[in-house]
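First up is the structure itself, then whatever we jot down about it.
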2 protein chains.
Amino acid sequence: MRKQHLDFYGIDYGVMNPLAPSGQGEQNDEYSAALAFAINEHQINHWNALDPRLKASVVVPYEDPEASVKEIRRRSGDRRFAHVLMLTRTSELMGRRRYWPIYEAACEAGLPLGVHVFGYSGRAASNTGWPSFYIEEMTEHSNACQAQVTSLIMEGVFENFPQLKVVFIEGGFGWLPTLGYRLDRGWQRMRSGLPHLKRAPSEYLHDHFWVTTQPMEEPENPAHLADLMQAIGFDRILFSSDYPHWDFDDPFVALPASLGEERRRQIYSGNARALYGFE
Amino acid sequence: MRKQHLDFYGIDYGVMNPLAPSGQGEQNDEYSAALAFAINEHQINHWNALDPRLKASVVVPYEDPEASVKEIRRRSGDRRFAHVLMLTRTSELMGRRRYWPIYEAACEAGLPLGVHVFGYSGRAASNTGWPSFYIEEMTEHSNACQAQVTSLIMEGVFENFPQLKVVFIEGGFGWLPTLGYRLDRGWQRMRSGLPHLKRAPSEYLHDHFWVTTQPMEEPENPAHLADLMQAIGFDRILFSSDYPHWDFDDPFVALPASLGEERRRQIYSGNARALYGFE
């Protein structure tokens, strides 16, 4: 992998996002906590120790916030870890109070929160039932991200944890501007029911969220990609490869040249350095 | 209502979309069919008879396709009906074969299919559970639309019913272009599992779907609204007021002047005339 990926593409840092089995969302709390601990040890001892360019995620058994806090505190200050990791399909929506201790601990540790798609919510992939094709499940990941972003904003998480930074991973990014317009429109009309929000939803969206590139939602017209990214904020988009998955994005060609050198450099490198504090 | 709405705003035609109670999605098939029939009678006898500018929807008891077909055939050729109406939160995703007889009957009757948000799927509003606030449920309507559009395309509905035209109502529209990019990207990589699709998903999206304006997802910058509408197609967007709901859009001010007179005329009037065959 060093030869095939890190050296070949000249990668300075890669954040590992362990999916399954990693203990996340397991229904047995002890098993979940033990597996999350083991995966975290494995990331630093097996991967980071062999190549320090690989940064680890603090995998947490997120359905058990107390155990999650313990795991975050155990890794606090250890610069081999880049962020705290959850998955999008939680048992309840992420804004709900049961998950707040995780956000508090992430802020204390000075770590962003990464939220990768997948996970096990115990519910159908769509809010109207199970689809027939894999491509439909893939598409639903973006809908799960939208529900989670909305929940985090509406429940007042960022009023309580103003330092919290959240990265949504592998859920696409094209949905983000429209979600902001939709939430602002609803908030203008329903804000009397949301007195705990001090600002328009799109302001929280802009200040607290980052998104990653893979999978790229690429308009036919390259100018529209630039417009879309502009609406999100060029400083809010992080390159992700999805390596070693079969549908990974080749770093050499993922971002079209039409974006320009400076913006490509931001997305490939500068934004992640700023967010994670990589040198 | 004539004085307050139709005359006041100079409205030539309004399509009525009865929501609840209208028999749609009821769990008792006989009750569902009886109520749908009654609502259709009510629309023509109580509303259209008093003011023929008001066009009716063929409300169908869509969880019972056989009864739905009977109701569509009963109204076939009756120009007082503008389209067949379903709701977004069906028991199963709309692309699945159980609903195909409805699409076949709509095509036979030469009627578009309207799909209005709401309904009862028996599932939580989001694929990650129930939200706390009404604004979150409102936001989830757009996700339900995305799941349904995806299902209709992926299951091959439009290969089997090439005449079918579908209008998504009150789910917003800003999600549509990005959904097309996302589906095309996935299809390029997964098309071997979708041999029944002859074209890219975005082509079905463009040829078979219409959206309505209310609620407007309005970017701060009016130029971005024009870009967004352009990506959808200015000929694919129908004005909807949501009258008489509290959050309805005032026809006088809903569409910003920056769109230009011709495009505003298309959206306010021309597109609906073309789709529904209104004179």
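Among B:278, B:252, which is more than 28 Å from residue A:201 (Cβ to Cβ) and touching a residue at least 60 places away in the same chain (Cβ under 8 Å)?
B:278
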**Prompt:** So, in segment B:255-279, of the ones that are at pLDDT 90 or above and in a loop (DSSP other than H, G, I, E, B), which residue ends up nearest to residue B:113 (Cα to Cα)?
**Reply:** B:277
**Message:** I'm trying to understand the selection: among the residues of segment A:90-105, which are part of a helix (DSSP H, G or I) and within 11 Å of another protein chain (Cβ to nearest Cβ)?
**Reply:** A:97
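Tell me which residues, restricted to segment B:191-217, are in contact (Cβ under 8 Å) with a residue 24 or more places away in the chain and in a loop (DSSP other than H, G, I, E, B).
B:194, B:196, B:197, B:198, B:213, B:214, B:215, B:216, B:217
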**Request:** Inspect segment A:141-153 for any residue being free of Cβ contacts under 8 Å to residues at least 60 places away in the same chain and farther than 30 Å from residue B:154 by Cα and give the result as yes or no.
**Result:** yes
**Request:** Filter segment A:154-176 for residues that are open to solvent by 10 Å² or more (accessible area, probe 1.4 Å) and either within 13 Å of residue A:88 (Cα to Cα) or small (Gly, Ala, Ser) (or both) and give the result.
**Result:** A:169, A:170
**Complete:** How many residues of segment B:19-59 are modelled with pLDDT under 95 and within 25 Å of residue B:171 (Cβ to Cβ)? The answer is 9
**Fill in**
Within segment B:154-201, the count of residues that are within 8 Å of chain A (Cβ to nearest Cβ) and among the polar types (S, T, N, Q) comes to 1
**Asked** Which of the residues belonging to segment A:102-125 are modelled with pLDDT under 95 and on the phi < 0 side of the Ramachandran plot?
**Response** A:120, A:121, A:123, A:124, A:125
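Give the residue that is nearest to residue A:9 (Cα to Cα), with candidates limited to residues of segment A:202-218 that are within 11 Å of another protein chain (Cβ to nearest Cβ) and open to solvent by 10 Å² or more (accessible area, probe 1.4 Å).
A:215
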**Item:** Meets criteria (within 12 Å of another protein chain (Cβ to nearest Cβ), at pLDDT 95 or above, under 20 Å from the mean Cα position of the chain (by Cα) and surrounded by fewer than 23 Cβ atoms within 10 Å (Cβ to Cβ)) for residue A:151
**Value:** no
**Asked** Does segment B:35-69 hold any residues that are charged (D, E, K, R) and in contact (Cβ under 8 Å) with a residue 24 or more places away in the chain, and which are they?
**Response** B:51, B:53, B:55, B:63, B:64, B:66
**Request:** Enumerate the pairs (first residue in segment A:1-16 and of a type in the set (Asp, Glu); second residue anywhere and open to solvent by less than 50 Å² (accessible area, probe 1.4 Å)) with beta-carbon separation below 8 Å, excluding pairs fewer than 6 apart on the same chain, so at least 6 apart or on different chains.
**Result:** A:12/A:269; A:12/A:278
**Asked** Can you name the residue in segment B:106-147 that is assigned to a loop (DSSP other than H, G, I, E, B) and open to solvent by less than 20 Å² (accessible area, probe 1.4 Å) and, of all such residues, is farthest from the other protein chains (Cβ to nearest Cβ)?
**Response** B:112
**Prompt:** Going by the structure shown, is residue B:270 farther than 25 Å from residue A:182 by Cα and out of contact with any Pro (no Cβ under 7 Å at 6 or more places or on another chain)?
**Reply:** yes
**Message:** Considering only residues that are at pLDDT below 95 and closer than 19 Å to residue A:172 by Cα, which ones fall in segment B:188-231?
**Reply:** B:188, B:189, B:190, B:228, B:231
**Complete:** Among the residues of segment B:232-262, the number that are buried (at least 19 other Cβ atoms within 10 Å of the Cβ), in contact with a Leu (Cβ under 8 Å, 6 or more places away or on another chain) and within 24 Å of residue A:224 (Cβ to Cβ) is 2
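Does residue A:235 count as assigned to a loop (DSSP other than H, G, I, E, B) and of a type in the set (D, E, K, R)?
No.
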**Asked** If you take the residues in segment A:42-77 that are surrounded by fewer than 18 Cβ atoms within 10 Å (Cβ to Cβ) and of a type in the set (Asp, Glu), which one is nearest to residue A:166 (Cα to Cα)?
**Response** A:66
**Complete:** Selection from segment A:26-54 of residues more than 26 Å from residue A:89 (Cβ to Cβ) and of a type outside the set (Lys, Arg) yields A:44, A:45, A:46, A:48, A:49, A:50, A:51, A:52
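The values are calculated or read from the model by the stated rules, or taken from the named source; none is laboratory data. These numbers were taken from a predicted model, which means no experiment stands behind them. Note that we place each Cβ from the backbone using ideal geometry, even for glycine, and neighbour counts take in every protein chain shown. These area figures cover heavy atoms from the full protein model, side chains too; ligands, DNA and RNA do not enter into them. Shrake-Rupley method; radii C 1.70, N 1.55, O 1.52, S 1.80 Å.
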